[in-house]
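*Asks:* Got a structure here, written out as structure tokens. Questions coming.
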Amino acid sequence: MGDIKLNGFRRIFAIVLFVLVGHQVLAEAAPVMSPSDFVTDAVDVLAESLEGRRSELADDKEALYALIDELLLPRFDRRMAAQQVLARHWRGASEEQRNRFIDAFYTILVQRYADGVLDFEPDRIKVLPFRGDASKRTATVKTTVDLEDGTNVSVNYTLINRKTGWMMFDVTIEGVSYIRNFRTEFDAEIKGSSLEAVIARLEKEAADESVE
């Protein structure tokens, strides 16, 4: 995927943030809606939330991270995502290692892709009609995103229906899921060292970024 993957993930993280925050804003007004309506309404309503704040947040990463944490944490299934990423290595991990990986992996995601929030442009997103069964445990919402160079990229969100409502745990860009992407990366690294070494590296990377 090359540059599409790199630039796409940055923008998709921003879109995911808006989608998940949309659940909070729209819950009272529309407690029952299809996954695609959930995405569409969230994008329409929450695009206004960055108005007048882009420069401020661009100059203050800690404020940007804090904003993402406040809005994203309740609506991103961190444990499900981490379990899917580690795959078979999850089964051999202690509960302490699992929790450390969950925290470190989430922090790295925020730090790598938070700037994408500032690039969010709702008019570049087209949400396609939902063709699945919204009563099932998981649902996939298909969208397309127009990049600056005119490229049209397909983006699918995988949601899971929890007691608290829909939560996101995977995003697939042009057929490449971020879970599968990180699973391949971490599997090779764990095989070459150990899960503990990978967790320690992520924790150090997250800590180093936070003090820059």
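*Asks:* Taking residue 24 as the residue in question, decide whether it is at pLDDT 70 or above, part of a helix (DSSP H, G or I) and surrounded by 14 or more Cβ atoms within 10 Å (Cβ to Cβ).
*Replies:* Spelling it out, it is not the case that residue 24 is at pLDDT 70 or above, part of a helix (DSSP H, G or I) and surrounded by 14 or more Cβ atoms within 10 Å (Cβ to Cβ).
*Asks:* Let me ask something additional. Against the condition farther than 14 Å from residue 36 by Cβ, of a type outside the set (D, E, K, R) and surrounded by 15 or more Cβ atoms within 10 Å (Cβ to Cβ), how does residue 130 come out, does it pass?
*Replies:* For residue 130, the condition - farther than 14 Å from residue 36 by Cβ, of a type outside the set (D, E, K, R) and surrounded by 15 or more Cβ atoms within 10 Å (Cβ to Cβ) - is not met.
*Asks:* May I ask you to list the residues in the range 76-102 that are within 26 Å of residue 165 (Cβ to Cβ), touching a residue at least 60 places away in the same chain (Cβ under 8 Å) and not in a loop (DSSP other than H, G, I, E, B)?
*Replies:* Residues satisfying the conditions are 76, 80, 81, 84, 85, 86, 101.
*Asks:* What's the number of the only condition in (1) surrounded by 14 or more Cβ atoms within 10 Å (Cβ to Cβ); (2) on the phi > 0 side of the Ramachandran plot that residue 201 fails to meet?
*Replies:* All conditions pass for residue 201, except number (2).
For (1) modelled with pLDDT of 90 or more; (2) in contact with a helix residue (DSSP H, G or I) (Cβ under 9 Å, 6 or more places away or on another chain); (3) aliphatic (A, V, I, L, M); (4) crowded, with 19+ Cβ neighbours inside 10 Å, each residue gets a yes or a no:
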position	(1), (2), (3), (4)
54	no, yes, no, no
57	no, yes, yes, yes
81	yes, yes, yes, yes
85	yes, yes, yes, yes
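*Asks:* Counting only residues that are without any contact (Cβ under 8 Å) to a residue 24 or more places away in the chain and assigned to a strand (DSSP E or B), which one in the range 146-171 is farthest from residue 125 (Cα to Cα)?
*Replies:* Result: 158.
*Asks:* Quick check, is residue 160 at pLDDT 90 or above and either among the polar types (S, T, N, Q) or closer than 30 Å to residue 62 by Cα (or both)?
*Replies:* So residue 160 does not fit the description; no.
*Asks:* Please list, ordered by first then second residue, the pairs with beta carbon atoms under 8 Å, 6 or more apart or interchain, first in the range 180-193 and touching a residue at least 40 places away in the same chain (Cβ under 8 Å), second of a type in the set (Val, Ile, Thr) and in a helix (DSSP H, G or I).
*Replies:* 182/85; 183/85; 186/85; 186/198; 190/198
*Asks:* While we're looking at this one, here's another question. Given the condition under 24 Å from residue 123 (Cα atoms) and part of a helix (DSSP H, G or I), answer yes or no: does some residue in the range 174-197 qualify?
*Replies:* Checking the range 174-197: at least one residue is under 24 Å from residue 123 (Cα atoms) and part of a helix (DSSP H, G or I).
The values are calculated or read from the model by the stated rules, or taken from the named source; none is laboratory data. Quick caveat: nothing in here was measured; it's all calculated off a predicted structure. As a convention, Cβ positions derive from the backbone with ideal geometry for all residues, glycine included, and neighbour counts pool all protein chains shown.
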